[in-house]
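A.B. asks: First the structure, which I've put down as structure tokens, then a few questions once you've had a look.
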Amino acid sequence: MLTDLIERLRGALSMLYREAIKFGVVGALAFVIDVGLMNLLRATVLEDKPTTAKIISASVATAFAWVGNRVWTFRHRRSRPMHHEALLFFLTNGVALLIGAGTIAFSHYVLGLQTLAADNVANIIGIALGTLFRFWAYRTVVFSKREILEDASPLAHQQGHRH
């Protein structure tokens, strides 16, 4: 009994480790896209609009992350129809984007730290906070293995409500 518990714990930790590594790889690539594009936009066409540059760069990085996490990181966890996962994924990333854009807006407009370097520091802090939120949300909400009642057959649904 104790050996079964230890094996299950080992399996769960191994799965968490593999998911975290894959999430990190996808996230690192999305990070490069996000920071690179934000800096490109901030240095060119959106010089005076760091929050807008962040929203655009994070949106492009999010699209990349959707594909990477859906087909690689959490492919074994998918139990919802794709449109449900997509909606949850983009809502989750919308919250993470607000965290990142809010960090930049706070630094830039409230604290008055208006240099490109300050915007980059705020961006990295916002990305870190958003990443913690996203990993938790992807594992527990977006790519959850939970059963979905509305997707069950009518017969299974009726059998579950017998008195």
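Only the coordinates and a few stated rules stand behind these numbers; no lab work does. Worth saying up front: this structure is predicted, and the values here are computed from it rather than measured. Positions of Cβ are backbone-derived with ideal geometry, glycine not excepted, and every protein chain shown enters the neighbour counts.
A.B. asks: Sort 25-32, 126-133 for me by packing, meaning the mean count of neighbouring Cβ atoms within 10 Å per residue, highest on top.
C.D. replies: In descending order of packing, they fall as 126-133, 25-32.
A.B. asks: If I take every Cα pair under 8 Å that is 6 or more residues apart in the chain, average their sequence separation and divide by the length, what percent do I get for the relative contact order?
C.D. replies: About 22 percent, as a whole number.
A.B. asks: Gaussian network model of the chain, Cα springs within a sub-10 Å range: biggest mean-square fluctuation belongs to which of Leu16, Leu98, Leu37?
C.D. replies: Leu16
A.B. asks: Kirkwood Rh, segment 1-109, all Cα pairs: how many Å?
C.D. replies: 15.8
A.B. asks: How high is the FRET efficiency between Lys49 and Arg75 when r is their beta carbon distance and R₀ equals 35 Å, given to the nearest 0.05?
C.D. replies: 0.40
A.B. asks: Follow-up. Any chance you could run the full-extension gain for Asp4 through His83? It's 0.36 nm times the residue separation minus the Cα-Cα distance, nm to one decimal.
C.D. replies: Net length gain for the segment: 24.7 nm.
A.B. asks: Right, here's the next one. Per DSSP helix of 4 or more residues, -39500 (n - 2.57); summed, then divided by the residues of the chain. What does that give at 222 nm, rounded to the nearest 500?
C.D. replies: One gets -24500 deg cm²/dmol as the mean residue ellipticity at 222 nm.
A.B. asks: Exactly which trypsin sites (Lys or Arg not before Pro) in segment 49-150 are in a DSSP loop and have at most 12 other Cβ atoms within 10 Å?
C.D. replies: Lys145, Arg146
A.B. asks: If you don't mind, another one. Please identify the GluC sites (Glu not before Pro) of segment 1-110 that satisfy two criteria: DSSP loop assignment and at most 16 other Cβ atoms within 10 Å. Which are they?
C.D. replies: Of the GluC sites (Glu not before Pro), the ones in loops of segment 1-110 whose Cβ has at most 16 other Cβ atoms within 10 Å are Glu47.
A.B. asks: Percent relative contact order of segment 36-99, based on C-alpha pairs within less than 8 angstrom and at least six residues apart?
C.D. replies: Averaging sequence separation for qualifying contacts and normalising by length gives 25 percent for segment 36-99.
A.B. asks: Can you give me the distance in nm between label points at Leu16 and Thr115, each placed 7 Å from the Cα along the Cα-to-Cβ direction?
C.D. replies: 4.0
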